[in-house]
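One structure below.
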Amino acid sequence: MSPSKLDSTDSFGHEEASVSCSKPENGCVDSLSIFHSEKAVEELLQQTPVAGMDEHLIEFSEALRTVAKALRRAAEGKASAQAEAAEWKWRYELERTRNIQMEQKARMAEQFSAEKNGDLDCERVKNSDNQSMLQNESNEHSETGCMKHGIWSHEVLRDRESDSNSNADRNKIMRKASFKLSWWCNGENGDQHKHDIVSFERGNITTAERSSKQISLKWESDPQTVLILTKPNSVSVRILCVQMVRWLRERKKLNVYVEPRVKVELLAESSNFSYVQTWKDDSEISHLHMKVDLVITLGGDGTVLWAASMFKGPVPPIVPFSLDSEHFKDCLDSVLRGPISITLRHRLLCRVVRDAAKNEYETEEPFLVLNEVTIDRGISSYLTNLECYCDNSFVTCVQGDGLILSTTSGSTAYSLAAGGSMVHPQVPGILFTPICPHSLSFRPLILPEHVTVRIMVPFNSRSPAWASFDGKDRKLLAAGDALLCSMAPWPVPTACQVDSTNDFLRSIHDGLHWNLRKTQSFDGPRDRDL
């Protein structure tokens, strides 16, 4: 082999040694050395072959080229792995630093709370200071270590800024979104006149007023005018009315309104009752609520219904008296002095929509119902066929004697007799009670107060239906007609003897004899002691 060949071979061998021996400080193979090795191999292969060159030298050169490529790929993979390891280490140190800082801030908050309550522990402060010093050292060490592993300076500054605003960020994340709840009405002409019943604070829903909360009425000024409504054709009521009118006028100096019929009876009793006022026609009744401060009824529940039906809008407070009210003076003294507990009895607003109407707001004169509205089959021998809707949702088809839509005040009347539930009068809702349904699974419902119930007579019904409002004012519902019922915006305030709950329970015990039975004898057989 010629000296030139030996020199070139020696030179290549030196380069190969440099590839295998040269290592950077971080343990990675120098990519520059690999590049020089490949270049030397290429130059060797490009040289003009010498005559008589051994064939084994060519094979050896090809093998060296393959080894050089493999070394280059290994170096690139190692460098990528080290970069990824450095990045994960930086993330670990950053997360560890944040966790330590959050723990330190939590300890500082606990120390501040302890100082405020006078329970600060000196040893705890000392330990905390030591931990803070260790924490600062750990932060400096972690920042230095991170810089060694390729974290740029602007990344460290960004992390510090985020740490300085960590409290604000946490408060922003923990703050709940605020919202507003309001009643939804179907169109501008919707009849659901509602008020806000809920309030919100930091995203928490709370009711503004409990619907079952006892309501108290307190006079801002003394009452001036009283309306007295009496049960007709009752001698005891007439005697009580004469005594009450005279006492209210002479002792309390109040203006007294009575019905025209009652004024005639009072004047027939004595001409001294000329100061009693009344009205002449129905147009004056519509403005009566603007004159009267208080309504007194002498009679039973029918008289209260009559009093409520007189007012087509707002209703003054009603004080009901039974037929045997002997101590009315003390009661009226308490009512006129105030405050008094009252029960807001909700009413239903009922409107009949004929089939020829263009829309559901083209209706006849509405009816205000304190107890219930009844849809029945009348004199027909066929079952009623009624389609019932709640707002725009189909409820059911009623086949039976009829249907009762009742207020909670009327839950102890016709609805109870038809199998409905007894409901406290201050619970806002609409009772949906079938009358003798031709189905074993047709159970009564209690719907919320804000819905509108629509009862329609379908065109395939065999007979029309009849609607009555508090037992009077019957209306014929032909095929295609509908009855709309919603909660009226004007309740009937009635004075309580004690409070609404006490009066309700007393009425179902005394009036309906609810759960009344003979008490089990105490001297009968008993369970033996074990």
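The values are calculated or read from the model by the stated rules, or taken from the named source; none is laboratory data. Note that the coordinates shown come from a computational prediction; the quantities given were computed from them, not determined experimentally. Backbone-built Cβ (ideal geometry, glycine too); neighbour counts: all protein chains shown. To get the accessible areas, we keep the full protein, side chains included, count just its heavy atoms, and leave off ligands, DNA and RNA. Shrake-Rupley method; radii C 1.70, N 1.55, O 1.52, S 1.80 Å.
With every protein chain left in place, what is the accessible area per residue of the range 283-440 in square angstrom, probe 1.4 Å?
Each residue of the range 283-440 exposes 44 Å² on average to a 1.4 Å probe.
May I ask you to order 353-363, 395-405 by the average number of other C-beta atoms within 10 Å around their residues, highest value first?
By packing density, highest mean first, the sequence is 395-405, 353-363.
Using a 1.4 Å probe on the protein heavy atoms, what percent of the accessible area of the range 376-530 belongs to carbon and sulfur?
53 percent
Work out the FRET efficiency for ALA74 and ASN99 from their Cβ-Cβ distance, taking R0 = 41 Å, and round it to the nearest 0.05.
For ALA74 and ASN99, the calculated efficiency is 0.65.
Quick one: which of 507-516, 262-271 comes out on top by average Cβ neighbours within 10 Å, and what's the full order, highest first?
The most tightly packed comes first, giving 262-271, 507-516.
Where does the range 283-372 land on Rg/Rh, using Cα atoms and the Kirkwood Rh?
With Rh from the inverse mean 1/r over Cα pairs, Rg/Rh is 1.09.
Give, in nm to one decimal, the length gained when the segment between TYR92 and LEU267 is fully stretched (0.36 nm per residue of separation minus the Cα-Cα distance).
52.9 nm
R0 = 30 Å: FRET efficiency of LEU344 with GLN243, Cβ-based, nearest 0.05?
0.50
Provide the gained length on full extension for the span VAL498 to VAL67, in nm with one decimal, where the gain is 0.36 nm per separating residue minus the Cα-Cα distance.
This chain segment gains 144.7 nm when fully extended.
Under the definition of Cα pairs under 8 Å and six or more residues apart, what whole-number percent is the relative contact order of the range 252-369?
Dividing the mean separation by the residue count of the range 252-369 yields 16 percent.
Hey, what D do you get for the range 387-530 in µm²/s if you plug the Kirkwood alpha-carbon radius into Stokes-Einstein at 37 °C and 0.692 mPa s?
184 µm²/s
Simple spin-label model, 7 Å along Cα-to-Cβ: THR519 to VAL235 in nm?
Each label point is offset 7 Å from its Cα along the Cβ direction, giving 4.0 nm.
Which FRET efficiency, nearest 0.05, do GLU220 and ARG251 yield, Cβ-Cβ r, R0 22 Å?
0.45
Just how far, in whole angstrom, is the range 212-290 from the range 459-530 if you go by their alpha carbon centroids?
If you average the Cα positions of each part, the centres end up 30 Å apart.
Net charge around VAL262, counting only other residues with Cβ within less than 13 Å of its Cβ (Lys, Arg = +1; Asp, Glu = -1)?
+1
Be a star and scan the range 364-384 for residues whose amide nitrogen sits under 11 Å from the point 7 Å along the Cα-to-Cβ vector of ARG474.
376-380
When the distances between all Cα atoms of the range 450-530 are binned every 10 Å from zero, what whole-number percent does each bin get?
P(r) over the range 450-530, rounded to whole percents: 12, 20, 21, 20, 13, 9, 5, 0.
Subtracting the Cα-Cα distance from 0.36 nm times the residue separation, let me have the gained length for LEU512 to LYS358 in nm, one decimal.
Fully extending the segment from LEU512 to LYS358 adds 50.9 nm.
Based only on Cα atoms, what Rg/Rh ratio does the range 298-446 have, Rh being taken as Kirkwood's radius?
Expressed as Rg/Rh, it is 1.04.
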